[in-house]
DNA sequence: CGGACCAATGTGAATAATCGCGCCTCTCAT
DNA sequence: ATGAGAGGCGCGATTATTCACATTGGTCCG
């Protein structure tokens with residue numbers, strides 16, 4: 001009836017359902033702790049059937065990663081297409097936060113990779129973070145001159161990135177600790193205003209960076 | 001000659017060497033991805049010999065956790081012993097940061113637990129974070145009145161915690177991305193001044209928390 | 001229009017590797 | 001000698017992977 005490649009909202013193909021299941025499991029338990037039996041169970045097939053769609057476990061993992069990276073690289077490329085102004089940093093940060101809320105799995109996968117230093121760590125770095133540190137990727141208007149002379153700018157960028165990502169990787173814990181769903185709509189708004197407030201504070205802060213107890 | 005429990009700097013016992021090896025491996029790869037063979041190899045013994053010191057893999061994991069929690073609960077208890085003033089928050093934050101630099105493994109273990117929601121997650125939460133949210137654990141002097149009425153305070157506390165912990169859990173990546181050793185002495189000082197600056201900025205910031213793109 | 005053909009996709013059985021773990025033996029210091 | 005601690009052996013379970021085979025749906029030919 002309808003070509004699956006053009007269908008508007010057809011039932012997802014088996015390959016897609018395998019990707020969905022594998023993404024969730026890899027993100028939660030990591031690569032080696034995820035068994036193909038678990039994946040197959042979620043899809044509702046037997047594990048040998050997976051090999052009709054993916055060469056092996058490794059290829060499945062890479063396919064999961066590829067699908068996620070395609071989505072998450074978009075806002076970064078968007079920021080790349082113009083001057084890095086204050087307002088666009090806010091806009092971009094909000095886009096990133098919303099994206100991680102919509103799909104927490106990339107952050108979780110990345111966290112697993114960073115912890116165990118798997119072979120995919122380098123690809124993740126190159127695709128997600130390297131573009132942030134291009135020589136022309138400087139914030140204009142002197143908003144962050146505070147960092148310029150201290151060499152702290154890349155670390156500050158990563159700190160804000162941590163703020164966004166570890167919200168997601170720690171989310172299961174927050175559910176128990178604070179008794180709220182960290183992925184609810186109101187939690188999203190809370191996190192957004194908190195991060196924006198921090199960014200505002202940094203933009204406006206003119207004090208020196210040396211602290212004392 | 002000397003009682004191992006009182007020895008000043010004696011050679012570590014086999015049990016301690018097992019704990020050291022297991023701690024590193026659990027922290028890097030997580031519980032199920034760590035094999036007892038890996039642990040035994042690091043210690044230089046065969047895996048069945050591990051059972052002379054620990055009942056099973058699970059007990060080994062719990063022993064690792066217990067040893068770490070004993071160390072990391074200390075500064076929290078210290079903060080508990082007096083009024084939560086601005087200065088003491090700075091002092092306490094610095095203590096936490098230094099501790100995570102000295103031993104990154106607790107943060108990594110916690111991150112694994114949060115991601116996969118293992119059975120130990122609750123104990124970690126209770127021992128590490130729950131004390132932060134006691135009813136009397138309010139920052140005095142009105143420094144954070146900004147949060148009081150928004151209900152954001154616990155989330156803000158966790159955000160700063162994320163800042164500290166994800167520095168450690170992401171550290172292997174930062175080594176490749178920024179080309180510096182994240183655990184060097186200068187990197188520690190950089191992170192400290194960055195975090196203190198953020199905290200200062202928050203303390204001084206009086207704007208409203210709602211942002212717009 | 002019916003039947004041969006074929007590619008896609010599922011299954012169960014089998015395999016080799018790994019892992020947690022128990023059992024038994026050996027060794028060595030007190 | 002005696003008991004703590006190390007090694008060797010091997011069982012049973014799990015896993016990734018392969019393979020031979022059944023089923024299905026669609027296509028093409030007569």
Label-point separation, residue A:15 to residue B:13 (7 Å along Cα→Cβ), nm: 5.8 nm
When A:35, B:116 are ordered from fewest to most other Cβ atoms inside 10 Å of their Cβ, what list results? A:35, B:116
How high is the FRET efficiency from residue B:178 to residue A:85, r the C-beta distance, R0 25 Å, rounded to 0.05? 0.55
I need the per residue convex hull volume for segment A:10-65, using only the alpha carbons, in cubic angstrom as a whole number. 73 Å³
Copy-to-copy label separations for residue B:183, where each label sits 7 Å from Cα toward Cβ, in nm and ascending: 3.3
Per q in 0.16, 0.18, 0.19, 0.24 1/Å, what log10 I(q)/I(0) does a Debye calculation on the alpha-carbon atoms of segment A:33-112 return? -0.73, -0.83, -0.88, -1.15
Which distances in nm, rounded to one decimal and ordered from shortest, link the label point of residue B:46 to the equivalent label points in the other identical copies, with labels set 7 Å from Cα toward Cβ? 3.8
If the label for residue B:130 sits 7 angstrom from Cα along the Cα-to-Cβ line, what are its distances to the same label in every other copy, in nm to one decimal, shortest first? 4.6
If you take the beta carbon distance between residue B:49 and residue A:46 as r and set R0 to 35 Å, what does 1/(1 + (r/R0)^6) give as a FRET efficiency, to the nearest 0.05? 0.35
Segment B:32-63 to segment A:175-189: how many Å between their Cα centroids? 38 Å
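Laboratory data are not the source of any read-out in this text; all were calculated from the coordinates shown. Model, not experiment: these values are computed from the prediction. When we count neighbours, we look across all protein chains shown, and the Cβ atoms used for this are built from the backbone with ideal geometry, even at glycine.
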